[in-house]
1. Does Leu231 satisfy being open to solvent by less than 20 Å² (accessible area, probe 1.4 Å), touching a helix residue (DSSP H, G or I) at 6+ places or on another chain (Cβ under 8 Å) and modelled with pLDDT of 95 or more?
2. Taking Thr297 as meeting all but one of (1) modelled with pLDDT of 95 or more; (2) of a type in the set (S, T, N, Q); (3) in a loop (DSSP other than H, G, I, E, B), write down the number of the exception.
3. Looking for whichever is at pLDDT 95 or above and outside any strand (DSSP E or B) here; the options are Met84, Met171. Which one fits?
4. Given the conditions (1) in contact with a Gly (Cβ under 7 Å, 6 or more places away or on another chain); (2) farther than 16 Å from Val151 by Cβ; (3) in contact (Cβ under 8 Å) with a residue 60 or more places away in the chain, and given that His202 satisfies all but one, which numbered condition is not satisfied?
5. Does the range 120-141 include one or more residues that are modelled with pLDDT under 95 and either outside any strand (DSSP E or B) or more than 23 Å from Leu190 (Cβ to Cβ) (or both)?
6. When the residues of the range 69-94 are narrowed to those that are touching a residue at least 24 places away in the same chain (Cβ under 8 Å), out of contact with any Lys or Arg (no Cβ under 9 Å at 6 or more places or on another chain) and open to solvent by less than 60 Å² (accessible area, probe 1.4 Å), which ends up farthest from Lys280 (Cα to Cα)?
7. Restricting to the range 264-286, name every residue that is among the aliphatic types (A, V, I, L, M) and open to solvent by 30 Å² or more (accessible area, probe 1.4 Å).
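The values are calculated or read from the model by the stated rules, or taken from the named source; none is laboratory data. These numbers come from a predicted model, not from an experiment. Cβ coordinates were reconstructed from backbone atoms using ideal geometry, including for glycine residues, and neighbour counts include every protein chain displayed. To get the accessible areas, we keep the full protein, side chains included, count just its heavy atoms, and leave off ligands, DNA and RNA. Shrake-Rupley method; radii C 1.70, N 1.55, O 1.52, S 1.80 Å.
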Amino acid sequence: MASRATWYSTPARKRHMRLETHALLFVVLFFGGSESADQTEEYLKREHSLSKPYQGVGTSSSSLWDLLGNALVTPQYVRLTPDMQSKQGAVWNRVPCYLRDWELQVHFKVHGQGKKNLNGDGFAIWYTKDKMQTGPVFGSKDNFLGLGIFVDTYPNEEKQHERIFPYVSAMVNNGSLVYDHSRDGRPTELGGCTAIVRNLNHDTFLVIRYVKRRLTVMIDVDGKHEWKDCLDVPGVRLPRGYFFGTSAVTGDLSDNHDIISLKLYQLSVTRTPAEESMDKEVFIPSVDNLKLPGVETPTDPMSGFAIFLIVFFSLIGVVFAGVIIVIVYNKWQERSRKHFY
């Protein structure tokens, strides 16, 4: 495992390091060195990362990544779709991820000949149970199990309510939800932000961070080497053992959707005993205290003892009701006999 390395050029790296130093000094002064602040170490996980020179991607049996659809590999990027109509492509990690806390950094580029609002459709970053399946949601399947982060470059809904595209949003699906293309995923999104990412001369990045059941997405698309908050959602419960991938699609409108790198970092986060006891394994993706349209809030399964008590008292109730019925019936018979004498 390698320690985390930044992607910037040397001058930019120095500026970035100064910012990190100042930020660290602020945290130390503000918290007074308190142990209550999260202590995080980060390690690059090469088995879940994709970067140049992309050796064997999609062609070698020893590769950790598979290509799907129209995706192709060049020395400089993995192109999910070319700037052509009706194309879709994806790249998927072959290795399931069992990390509890992680951070995925995505270096990408979206560009093409289309002018403003005449390009599409965008790409998605996935952490899902199923991989290598084509479908209508940015080139991948609908009704998925897991997490989808969407970089949507074309507004389908006529009334955008002051939403500016391209737009980044997140969705957690338990397998029962449908992504609503006509409304750009609004009914099921957890949050999002505007991200002007097309035809830029500088690098564009997105980071997805999952720590202590908290999902955070930040973007760096202005060429200033600064992260900007996009969304922050607590209580997100994602199972372990899912797959990372990214996919894109074009329709009547098109763009080049290029992935330059995907870098996954394992985060070693300090937890209190109380946090450890609450951080139980989950098997179905969900979000705490969030009721999505058309989805019933799941109830906790009953324990075996609770089921036993219900059955036991139900039987007692049946027996008691039977005794009452027999007593009433005998009384009725006695009255009937006296009536005939």
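1. no
2. All conditions pass for Thr297, except number (1).
3. Matching residue, one of Met84, Met171: Met84.
4. Going through the list (1) in contact with a Gly (Cβ under 7 Å, 6 or more places away or on another chain); (2) farther than 16 Å from Val151 by Cβ; (3) in contact (Cβ under 8 Å) with a residue 60 or more places away in the chain, His202 breaks only (3).
5. Yes: the range 120-141 contains one or more residues that are modelled with pLDDT under 95 and either outside any strand (DSSP E or B) or more than 23 Å from Leu190 (Cβ to Cβ) (or both).
6. Asp83
7. If the condition is that a residue be among the aliphatic types (A, V, I, L, M) and open to solvent by 30 Å² or more (accessible area, probe 1.4 Å), then Ala274, Met278, Ile284 are the ones that fit.
Residue by residue, here is whether (1) at positive phi; (2) in contact (Cβ under 8 Å) with a residue 60 or more places away in the chain; (3) in contact with a helix residue (DSSP H, G or I) (Cβ under 6 Å, 6 or more places away or on another chain); (4) surrounded by 21 or more Cβ atoms within 10 Å (Cβ to Cβ) holds:
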{"residue": "Asp152", "(1), (2), (3), (4)": "no, no, no, yes"}
{"residue": "Glu157", "(1), (2), (3), (4)": "no, no, yes, no"}
{"residue": "Glu162", "(1), (2), (3), (4)": "yes, no, no, no"}
{"residue": "Ser169", "(1), (2), (3), (4)": "no, yes, no, yes"}
{"residue": "Gly191", "(1), (2), (3), (4)": "yes, no, no, no"}
